[in-house]
Each structure stands twice: as C-alpha cells, then as structure tokens.
1. Tell me whether region 1-10 contains one or more residues that are over 30 Å from G136 (Cβ atoms), of a type in the set (A, V, I, L, M) and touching a helix residue (DSSP H, G or I) at 6+ places or on another chain (Cβ under 9 Å).
2. Every residue in region 51-72 that is over 26 Å from I310 (Cα atoms) and either among the β-branched types (V, I, T) or buried (at least 16 other Cβ atoms within 10 Å of the Cβ) (or both), please.
3. Determine which member of the set A209, A232 is out of contact with any Phe, Trp or Tyr (no Cβ under 8 Å at 6 or more places or on another chain) and without any contact (Cβ under 8 Å) to a residue 60 or more places away in the chain.
4. Tally the residues that are surrounded by 14 or more Cβ atoms within 10 Å (Cβ to Cβ), within 23 Å of D161 (Cα to Cα) and not small (G, A, S), restricting the search to region 107-133.
5. Write out, first by first residue and then by second, each pair whose Cβ atoms fall under 7 Å of each other, whose residues are 6+ apart or on separate chains, and whose first residue, in region 3-16, is hydroxyl-bearing (S, T, Y) while the second is part of a loop (DSSP other than H, G, I, E, B).
6. Any residue at all in region 165-177 that is of a type outside the set (D, E, K, R), farther than 19 Å from V89 by Cα, touching a strand residue (DSSP E or B) at 6+ places or on another chain (Cβ under 6 Å) and crowded, with 23+ Cβ neighbours inside 10 Å?
7. Could you list all residues from region 136-150 that are surrounded by 15 or more Cβ atoms within 10 Å (Cβ to Cβ) and within 23 Å of G77 (Cα to Cα)?
8. Do you know which residues across region 153-166 are more than 19 Å from R41 (Cα to Cα) and of a type in the set (A, V, I, L, M)?
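All of the numbers you see were taken from the coordinates with simple rules; none came from a lab. Being a predicted model, the structure only gives us computed values, none of them experimental. Note: ideal-geometry Cβ built from the backbone for every residue, glycine included; neighbour counts use all protein chains shown.
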Amino acid sequence: MDVNAVVAVFPNAYSRRSVALLARNIKSMLKSRSLRFSSVRRDGDVIVVDAHDPVFTSSAIGLLFGPERVAIARRTGTQMRELVEAITVTASSLLLKGERFIIKIEGKTVGYLPRDAELAATSAVISGSAVGARPGTESAHDRVIYAHVAKSSSYVSIFSDAGRGGVPFGTHKDRVVCPVYDGLSALAMLEALRQGHDILPTVVYSTSAAQTRLAKPVCKIVSSIPRAQTVAEFVRVSPVRGAALGIAAQKAAITTARSHRLKRVCIPTSPLIHTAEFADSLADMVRSASMRSMVPLAGAADLDSGAIEIGMGAIEKPKHSARGSLKAATETSRTRLELRVGPNMLHEALDSLDDRR
C-alpha cells in the first residue's frame, strides 16, 4: 500500500451537519475492532483516517451509517499540477488493458476549475498509459477515478466504495427497544439504526429454529454499532403465529423498556405489509404503557433490498389481521445477553442461550 494512502470518508448530505459525531463514531468503531490508527481528523468536509491497515479500516468504517463514500486514497497537494500528477500515477496502477475511464474531481479548487483539472489529467493518463487505456463517457466507462480537493490536501481514490446512507449513530439521544420476531421486524430495527438511534433488540421466538433464524440478522445489524458489545434480550414465548406473535413481541419489548427504564419502543410495521388496524393495535399498547413509539418503516418503499442486506430474503405479506380474538402467548423464559462483536459473535450468542436453558 502507498505510504501516502489514507482512508477518506465523505459524509452524505444528511450527515454534513454531524461531521464531528461521525468522526467520533469512526474512532469508536476502530477502537472496538482493535484496528490501529494514528489520527482521525477533519480536512474541510472530509474525514481523514491515518490507519496502519487502510484495507481493514475502510471495511470497518463502511459498516457505519452516515458516509456517502469511503475511499482508500492517495494524499497529495491542492495545486493543479500536484493533483494531475497524483491522478496519473494512480491511474497507471489501476487501469487495465483497453479500459475506458473517466475522471471526476470534486471539492473546492483554488485558481483553477475542476473541469480543467479533469481534462488535463485525462490527457496525461492517455499519453502515459502503457496498456492503451482510453477515455470513456458518463454513460459508457469501465472505471471512475475520483479525486476530492479539500482544505489542505487532495485525495485521489485508489479504491472507493459507496456508503450505507442514513445518519451517524447517536444523532438522536434516546435508545429504542426493537422487537424482532420476523424479517420485517428485523428490517425495522435496521432502519431505526440507520436513522441515528441507539437500539436494544428484543428477540421473540417460539422454537429453537426461530431463535437461530432471528439471531443471524440481529448479530449482523449490531455489527454496525460503533462499540464492542451490545445488550440484547432473548424472549421465548408459547407457540403462536401471525398477529398473535407480533402482539407478544410488542408486549415483550414494552417489558424490556420498563426494565431498562427506556421510553421509546419501535413499531415494526409497514403500510406495504400490515393493515392500519394492526399497526394501531401495536401503537395503542405502547401508548397505554406511557411510552413513545416510533415507526422506522413508515414511507419506506423498498423493503426487499433491505431484507436481503441482513440476510432475511424477500419480505412476504402475512395472511393475518388484528380482527377478532387472538390466542394469547405467555412468556416462558427471558435471557439478557451481551453480544460481543467479532467473527464468532453469532456462535457465542447461540451457545450462551443453549447454556442458559
């Protein structure tokens, strides 16, 4: 890796007012993953991480919500000559034979326009290419070479990956108890996290198979939290299905909120999936407990892509409503676990649950 290589984090439009919070999240994420770094600092609207291992560092930062783009980049000066030279050197190591490329320069340039630097760099790359690389167009290209001019330095991307959207963790100070009993409720917890809330999962299940099936997305979701461990409640209930299971999960989440002295509970419904009657019944339960509800999936239009992201597959519309009498579910056991982030998090959680049966 180039000695001048750093990890450059570009906040999205919703996170630019919370850059300091995003920088703190980055530090917390790297410390919790035992990834060494020299500094995390701001250079204008860019967060620059001097890391000992840029590859693993960029992967860890890519789990966070808030960045628009995370790049391993070569740091250079802000003058046009320095920028064009750095782009040319970077392109020579990235471009393959016959590849079509475009160069995009963003940021605040002084003394020249980004378009002038793009043209100069494109010409320099073509003339210096030993593999016959050629310019492409916005609609037809094989590779994009990004460069961003910040306040004190410019950053030319060696590798760039899109961020996950959302806003930084901790944007909202309250913690949300999230009942998880199926794919949609797991997705609701992910969206609560994406919207900047801290979360407390309450996993509700009737069988061991359901416990394992739900633990997988929960562990994947909490991996995006910038700390080493997260508390989760695992609640076993008597066998019920459909709306009865959803109501049992909401009751379990309210109990969790009381025990942790929290006031906000997630309503894991979507107007694309459930009836307004069912959503109202869950919200009424929260209101009756003198707590506040949040509906993170309200207005969300693309549920399937989010479900695939957490490994739950496509969301299916249930064949139940909240009308009529429902079989009441009773809570048979409750276990509080510390989910410790790491490659064995899922197995450690399931082993702990087995040991406490």
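1. Taking every residue of region 1-10 in turn, none turns out to be over 30 Å from G136 (Cβ atoms), of a type in the set (A, V, I, L, M) and touching a helix residue (DSSP H, G or I) at 6+ places or on another chain (Cβ under 9 Å).
2. Correct list: A51 only.
3. A209
4. Adding up the residues that qualify gives 4.
5. Final answer for the pair search is Y14/V167; S15/G66; S15/V167; S15/P168.
6. Yes, because at least one residue in region 165-177 is of a type outside the set (D, E, K, R), farther than 19 Å from V89 by Cα, touching a strand residue (DSSP E or B) at 6+ places or on another chain (Cβ under 6 Å) and crowded, with 23+ Cβ neighbours inside 10 Å.
7. Passing the criteria: I145, Y146, A147, H148, V149, A150.
8. Within region 153-166, I158, A162 meet the criteria.
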